[in-house]
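Asker: First the structure, then my questions, so here it is.
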Ligand code: SF4
Ligand code: SF4
Ligand code: SF4
């Protein structure tokens, strides 16, 4: 992390109850969300090409340690993550004055799983970045790869590399340079016949172990104890984990996220069995975009078409 960024976080800490950023993960190629309360803890903070977590998941008050009514929290947000905060503000889940946001320009995050097959990614002990090349070491084997070949899919399609809503921005803003479309994967699915799509999703749902990590990591899923997918009365989903129950679980969730999903891809990233589950809410988003030109979390002050109503729409 640059000295400037650390100094700014240290300077902000007296104004906030805690600051949420990134710290060391379980190994050299992973980071983890880190909460700090004191300026001397700032040296544990990291900002590098492995800071993939969307920290906006901690913005809803029910998903983080409480703060007093007159206190606020600080956090660092990438461009994609900041869309979640805009959406949460629109939904009235948090008040703007409760947040102190540091904005950054993001160069794209490295998906180390793309090295699987070339090296045992679970045994990486060293990773070095020189300009556009990442070199990793595992069990005496060394592999070097161009970072452009290792970026997450969402980074290749990134339209918002700069934080969209912030109290202060550190560094220079960058220009978006998407190399593919955000809805490309959805469009590929749409090209399949209905039977092919049904077979695709049945296969994926049959692999789901219903761990609910996809729901828990989502910054826009904040119902917590009130979640319809957990309540017993009325009971909307069955406890048993099978293809049909899993389908029901995921379709309910996708409908609840229609026009609200901010396309951060966290749900798919954390899935332990690699189900591309983000494609379901993304499909709903594509519909909302095609009909209303709406992209969640990009227009501060405006509401999703599914949360708003215009009188002239009666005639449609
Ligand atoms: S989508 Fe954009 S802002 Fe988000 S991690 Fe990738 S490059 Fe950074
Ligand atoms: S994270 Fe993956 S396995 Fe877990 S509930 Fe979601 S789709 Fe199923
Ligand atoms: S549904 Fe997935 S991609 Fe959409 S906001 Fe939630 S975690 Fe991000």
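Quick note: the coordinates plus some simple rules give every number you see, no bench work behind them. What you are looking at is a predicted structure, and each value in this text was computed from that prediction instead of being measured. Methodologically, a virtual Cβ is constructed for each residue, glycine included, from the backbone with ideal geometry; neighbour enumeration extends over all protein chains shown.
Asker: Rounded to the nearest 5, what is the percent of antiparallel bridges among the DSSP beta bridges in the chain?
Answerer: 70
Asker: 7 Å from Cα along Cα→Cβ at both residue 312 and residue 211: what's the point-to-point distance in nm?
Answerer: Each label point is offset 7 Å from its Cα along the Cβ direction, giving 4.9 nm.
Asker: Can you put 263, 71 in order, fewest other beta carbons within 10 Å first?
Answerer: Fewest-to-most Cβ neighbours within 10 Å comes out as 71, 263.
Asker: R0 = 22 Å: FRET efficiency of residue 28 with residue 176, Cβ-based, nearest 0.05?
Answerer: Using R0 = 22 Å, I get an efficiency of 0.15.
Asker: Using Stokes-Einstein with the Kirkwood hydrodynamic radius over Cα pairs, what translational diffusion coefficient do you get for the chain at 10 °C and a viscosity of 1.306 mPa s, in µm²/s rounded to a whole number?
Answerer: Using the Kirkwood radius from Cα pairs, D works out to 75 µm²/s.
Asker: How much of the pair distance distribution for segment 182-316 lies past 27 Å, counting alpha-carbon pairs only, in percent?
Answerer: 24
Asker: Could you tell me the extents of segment 23-129's C-alpha atoms along the three principal axes, largest first, rounded to whole Å?
Answerer: Between the extreme Cα coordinates on each principal axis of segment 23-129 lie 50, 32, 24 Å.
Asker: Using the number of other C-beta atoms within 10 angstrom as an exposure proxy, rank 106, 223 with the fewest first.
Answerer: The order, fewest Cβ neighbours first, is 223, 106.
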